[in-house]
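Read through the structure below, which is laid out as structure tokens, and then see the notes.
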Amino acid sequence: MSLLEIRHLQLKFYDTQPPLEVVKDVSFAMKEGEILGIVGESGSGKTQTALSVLGLLKKHEEISAGEILFEGKNLAEFSQKELEAVRGKDISMIFQEPMTSLNPVLPVGQQVEEGLRLHTSYTKEECKKRALDMLREVELAEVENIYNRYPHQLSGGMRQRIMIAAALVTEPKLLIADEPTTALDVTIQSQILKLLKKINEKHHTGILFISHDLGVIRRLCDRVIVMNQGKIVEMGTVEEIFQKPQQEYTKKLLAAVPTRGESLRRRKGGETQ
Amino acid sequence: MKKKQKNYNLILGIFIALFMLLFLLAGLFYTPYDPDAMNGAAKFAAPGTEHLFGCDHFGRDILSRVMKGTGTTFFVAVSTVVLGGGIGILVGAFTGYFGGWVDEVLMRFNDVVFSFPHILLALVFIGVLGPGKYNVILALSVVFIPSFARITRGEFLAQKEMDYVKSARLMGVSHLRIMFVHIFPNTLPSVLSMAAIGFNNAVLAEAGMSYLGIGVQPPDASLGRMLSESQTYLMSAPWCAIFPGLCILLLALGFSLLSDGLLKKGGK
Amino acid sequence: MKKVLEVKQVSVSYKEGKSRKEVLKDISFEVRENEILGLVGESGCGKSTLSKAILGFVKTDEGEIVHHTERPQMIFQDPFSSLNPSKRVEWILEEPLRMQKIPKERRKQKVLAMGEKVGLTTEQLRRYPRELSGGQRQRVSIAAALIQGAKFIIADEPVSALDVTIQKQIMELMVHLQEEMGLSILFISHDLNVIYQMCDRVMVMKDGKIEEQQDTEDLFAHPKSSYTKLLLEGLPQ
């Protein structure tokens with residue numbers, strides 16, 4: 001059985017007349033322990049697809065057809081209450097902006113523990129012990145000290161590590177990551193990608209990784225889905241998509257990525273002027 | 001099925017405000033009777049075909065007086081908003097855009113004015129200036145300056161950090177032109193809704209002051225004054241109070257819905 | 001080689017509580033005529049402060065900034081904040097010409113010609129900024145920067161907020177305009193690959209200092225500073 005299977009998902013925005021179809025008949029499956037990337041430009045529907053898994057859509061956004069099967073259970077039919085039991089326990093999520101997704105008035109340690117308090121019956125001491133272990137796991141130093149700090153006292157990279165710790169503390173089977181490295185500097189970005197890879201290997205956590213950045217997707221993922229205007233354009237392993245893209249759109253997308261292959265400038269190669 | 005939400009506040013606000021506007025405009029050109037003419041025979045006449053809203057203790061036609069009174073109240077409120085709002089916007093624009101010590105001084109002064117209850121401060125001014133329509137306008141305007149200055153200053157503070165302002169500077173646009181041609185239109189949604197709130201407060205303040213007898217003076221008809229005069233006969237001739245009251249209510253309600261609606265529209 | 005800008009030993013600091021925090025430390029470089037000079041660095045390295053200092057929005061503590069052209073213009077990262085939301089595109093493009101006291105007829109002609117140059121249709125010129133896509137808005141910003149005839153442009157992360165396919169179009173447009181109009185551009189970016197594609201020379205900034213500056217090919221082939229090497233390591237090829 002797949003960890004997550006999405007069948008003929010259709011999603012509409014109802015704040016316009018006529019309703020805008022944002023996701024059109026999207027189907028894919030994801031194995032346990034797999035890192036699956038969804039890549040696309042703005043308006044491709046990649047984020048809405050990911051958010052629909054956790055029922056985190058806005059008021060005017062609605063799933064109009066299709067099934068979202070998580071370990072065989074259809075999440076699209078779950079009530080908000082039933083979803084809450086899944087959210088943060090079996091499926092967790094991390095977001096792009098770690099500053100706004102952490103509560104500014106709570107020490108970060110408490111926020112890491114939150115999932116345990118909601119979903120387990122651990123005592124206070126056990127919760128704290130596990131939170132500290134988790135902070136070590138995401139490669140933070142002086143965890144006892146960090147436990148009592150507030151988000152604004154930490155750097156962007158550290159905050160993203162805290163987010164990851166909070167998401168993984170309940171040992172979920174699936175982690176949904178929506179552009180988690182986009183707001184970070186290149187050097188920090190590298191570190192976070194390595195961390196996600198390590199956690200995936202160690203705990204066998206499935207990661208659904210949403211990004212507009214083809215370079216990041218290529219470094220992290222096993223398989224890739226390319227989306228454009230609400231539809232899946234192409235799906236395959238990283239090698240297939242990046243080495244032998246079949247569809248025109250994928251080729252165009254890959255060609256647009258700035259690389260060090262060819263410069264737009266007609267400069268004299270390497271010569272000092 | 002979820003639909004795009006209609007802005008009912010704005011629609012209803014426009015409707016009521018327009019209705020009141022037509023009502024008072026009509027009053028400028030035509031009233032069924034002379035609003036000041038006393039008619040002993042019609043003393044306390046109940047509303048009926050002859051006098052639609054009835055008559056007061058002097059036998060004056062209430063409909064005619066309400067039409068004139070709404071006009072007076074409206075004139076006072078609009079003048080207050082234009083005068084107080086205008087000065088407030090200027091103060092807010094300069095302090096918000098330039099900052100520095102001018103900002104500090106003016107805003108501290110603003111805080112002082114702001115810390116007194118509106119009506120109390122207006123009473124002090126009337127105490128100094130003496131009662132009357134124009135003094136009421138003057139007093140209320142001064143009282144309204146701080147709230148306009150504050151809103152405008154906040155908007156200018158936020159807008160001046162936008163890149164389009166830097167861009168305009170680089171192109172050699174003068175500060176004054178940036179303030180009033182580039183930035184000001186972007187502050188209109190909040191300034192307009194503030195103006196509607198201010199208008200409301202002015203209507204209520206004028207009515208309150210006239211009710212206390214220190215506002216608009218006879219023979220000018222004013223809604224507040226009519227309420228004040230009718231309180232003695234509240235049980236025997238309730239129509240003397242109901243109709244002016246209703247007009248105050250509609251004026252205030254219309255413009256408050258209008259400001260809500262404008263804010264909602266601007267927030268999108 | 002003629003220069004359009006010389007920055008000599010410039011330092012800038014901010015007041016932070018009682019102490020002063022140095023954001024630019026002894027910066028020296030030049031921008032030459034007809035070149036795209038890249039400025040790369042991570043957030044907080046001082047690259048935005050440097051552009052503000054060049055434009056005179058920030059006071060320098062020490063050093064000298066010498067302009068050899070008319071005033072430079074700027075293209076910003078966020079195409080939402082850089083265009084006045086309450087004005088139509090044509091109004092925005094006409095404003096710099098109004099400042100030059102150019103008569104109305106002539107202004108209209110210039111706006112149309114400039115629009116054509118950056119790939120905006122007459123119909124798009126009549127719209128409000130919010131009715132345009134991110135790429136189109138960036139075209140407007142470029143047109144606004146060039147319409148007064150500026151020869152030196154500072155572009156602060158002009159393509160960072162755009163999708164890759166649009167990003168490429170805007171990069172191509174900028175290179176094309178540079179060649180056609182003989183512009184000098186100081187191109188600020190955090191993305192080394194974008195820098196590689198656009199620039200003739202590159203400066204790497206870290207903690208308010210210039211780590212190194214070299215011709216592009218040299219820098220990518222033989223980075224001198226260890227920080228540049230670290231940046232290049234994190235880079236997909």
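The values are calculated or read from the model by the stated rules, or taken from the named source; none is laboratory data. From a predicted model like this one, the values you see are computed outputs, not experimental measurements. Please note: Cβ atoms are built from the backbone with ideal geometry, for glycine as well, and neighbour counts cover all protein chains shown. We work out accessible area using only protein heavy atoms, side chains counted, and drop any ligands, DNA or RNA first. Shrake-Rupley method; radii C 1.70, N 1.55, O 1.52, S 1.80 Å.
B:Gly215 passes every criterion in (1) assigned to a helix (DSSP H, G or I); (2) open to solvent by less than 30 Å² (accessible area, probe 1.4 Å) apart from (1). No other residue among C:Leu50, C:Leu37 is away from every other protein chain (no Cβ under 14 Å) and within 15 Å of the chain's Cα centre (by Cα) apart from C:Leu50. On inspection, A:Glu114 does not qualify as free of Cβ contacts under 8 Å to residues at least 24 places away in the same chain and not assigned by TED's automatic domain parsing to the domain that holds A:Gln191. Quick one: in the range C:65-103, which of the residues that are in a strand (DSSP E or B) and of a type in the set (A, V, I, L, M, F, W, C) is surrounded by the fewest Cβ atoms within 10 Å (Cβ to Cβ)? Only one residue tops the list, namely C:Val66. Within the range C:202-222, the set of residues being touching a residue at least 40 places away in the same chain (Cβ under 8 Å) and in a helix (DSSP H, G or I) comprises just one member, C:Thr216. If the condition is being away from every other protein chain (no Cβ under 14 Å), assigned to a helix (DSSP H, G or I) and open to solvent by 50 Å² or more (accessible area, probe 1.4 Å), then the range C:111-130 contributes C:Leu112, C:Ala113, C:Glu116, C:Lys117, C:Thr122, C:Glu123. Take the residues of the range C:162-173 that are at the interface with another protein chain (Cβ under 10 Å from one of its Cβ atoms) and either assigned to a loop (DSSP other than H, G, I, E, B) or open to solvent by less than 10 Å² (accessible area, probe 1.4 Å) (or both): which is modelled with the highest pLDDT? Per the stated criteria, the residue is C:Met171.
Here is a yes/no grid of residues against (1) at pLDDT 85 or above; (2) within 30 Å of C:Arg137 (Cβ to Cβ); (3) within 20 Å of the chain's Cα centre (by Cα):
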site: B:Leu123; (1), (2), (3): no, no, yes
site: B:Ala139; (1), (2), (3): yes, no, yes
site: B:Glu155; (1), (2), (3): yes, yes, no
site: B:Ala158; (1), (2), (3): yes, yes, no
site: B:Gly172; (1), (2), (3): yes, yes, no
site: B:Pro185; (1), (2), (3): yes, yes, no
site: B:Val191; (1), (2), (3): yes, yes, yes
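When B:Phe58, B:Phe114, B:Phe15, B:Phe75 are screened for being at pLDDT below 80, out of contact with any strand residue (DSSP E or B) (no Cβ under 8 Å at 6 or more places or on another chain) and assigned to a helix (DSSP H, G or I), only B:Phe114 passes. In the set B:Arg150, B:Arg169, B:Arg225, only one residue is open to solvent by 30 Å² or more (accessible area, probe 1.4 Å), closer than 30 Å to C:Gln73 by Cα and either in a helix (DSSP H, G or I) or touching a residue at least 60 places away in the same chain (Cβ under 8 Å) (or both); that residue is B:Arg169. A:Asn103 - would you say it is within 27 Å of A:Asp185 (Cβ to Cβ), surrounded by fewer than 18 Cβ atoms within 10 Å (Cβ to Cβ) and not acidic (Asp, Glu)? Considered against the rule, which asks whether it is within 27 Å of A:Asp185 (Cβ to Cβ), surrounded by fewer than 18 Cβ atoms within 10 Å (Cβ to Cβ) and not acidic (Asp, Glu), A:Asn103 comes out as yes. Picking from residues in the range A:45-76 that are without any contact (Cβ under 8 Å) to a residue 40 or more places away in the chain and over 20 Å from the mean Cα position of the chain (by Cα), the one that is surrounded by the fewest Cβ atoms within 10 Å (Cβ to Cβ) is A:Lys59.
All of C:Ala150, C:Ala145, C:Ala155 fail the test of being within 13 Å of the chain's Cα centre (by Cα), in a loop (DSSP other than H, G, I, E, B) and more than 10 Å from chain A (Cβ to nearest Cβ), apart from C:Ala150.
Restricting attention to the range B:229-240, which residues are crowded, with 19+ Cβ neighbours inside 10 Å and touching a helix residue (DSSP H, G or I) at 6+ places or on another chain (Cβ under 7 Å)? Listed by number, the residues that qualify are B:Ser230, B:Trp239, B:Cys240. Exactly one residue among A:Thr250, A:Thr237 is more than 8 Å from every other protein chain (Cβ to nearest Cβ), open to solvent by 10 Å² or more (accessible area, probe 1.4 Å) and without any contact (Cβ under 8 Å) to a residue 60 or more places away in the chain, and that residue is A:Thr237. Annotation: of all residues in the range C:23-64 being in a loop (DSSP other than H, G, I, E, B) and of a type in the set (Gly, Ala, Ser), the one that is farthest from C:Asp215 (Cα to Cα) is C:Gly56. Quick check, is B:Leu28 open to solvent by 90 Å² or more (accessible area, probe 1.4 Å), among the hydrophobic types (A, V, I, L, M, F, W, C) and either under 30 Å from B:Ser147 (Cα atoms) or in contact with an Asp or Glu (Cβ under 9 Å, 6 or more places away or on another chain) (or both)? Here the answer is no, as B:Leu28 does not meet what is asked. Is it the case, given these coordinates, that A:Glu41 is away from chain C (no Cβ under 14 Å), part of a loop (DSSP other than H, G, I, E, B) and within 16 Å of the chain's Cα centre (by Cα)? No: the conditions fail for A:Glu41.
Residue selection: C:His176 fails the criterion of being within 14 Å of the chain's Cα centre (by Cα), open to solvent by 20 Å² or more (accessible area, probe 1.4 Å) and either farther than 24 Å from A:Gln189 by Cα or in contact (Cβ under 8 Å) with a residue 12 or more places away in the chain (or both).
Pairing each residue of the range A:255-267 that is more than 7 Å from chain C (Cβ to nearest Cβ) and at negative phi with any residue that is surrounded by fewer than 17 Cβ atoms within 10 Å (Cβ to Cβ) and modelled with pLDDT under 80, provided the two are 6+ apart or on different chains, yields C-beta distances under 9 Å for A:Gly261/C:Gln237. Kindly indicate whether A:Gln160 is polar (S, T, N, Q), more than 27 Å from A:Leu9 (Cβ to Cβ), open to solvent by less than 40 Å² (accessible area, probe 1.4 Å) and touching a strand residue (DSSP E or B) at 6+ places or on another chain (Cβ under 9 Å). So A:Gln160 fits the description; yes. The one condition from (1) on the phi > 0 side of the Ramachandran plot; (2) out of contact with any helix residue (DSSP H, G or I) (no Cβ under 8 Å at 6 or more places or on another chain) that A:Gly33 does not meet is (2). Residues that are touching a helix residue (DSSP H, G or I) at 6+ places or on another chain (Cβ under 8 Å), open to solvent by 20 Å² or more (accessible area, probe 1.4 Å), touching a residue at least 40 places away in the same chain (Cβ under 8 Å) and under 25 Å from A:Thr100 (Cα atoms) occur in the range A:207-229; there is at least one. Residues being polar (S, T, N, Q) and open to solvent by 20 Å² or more (accessible area, probe 1.4 Å) are represented in the range C:202-217 by at least one member. A count restricted to the range A:189-206 and to residues that are facing another protein chain (nearest Cβ under 10 Å) and open to solvent by 50 Å² or more (accessible area, probe 1.4 Å) stands at 1.
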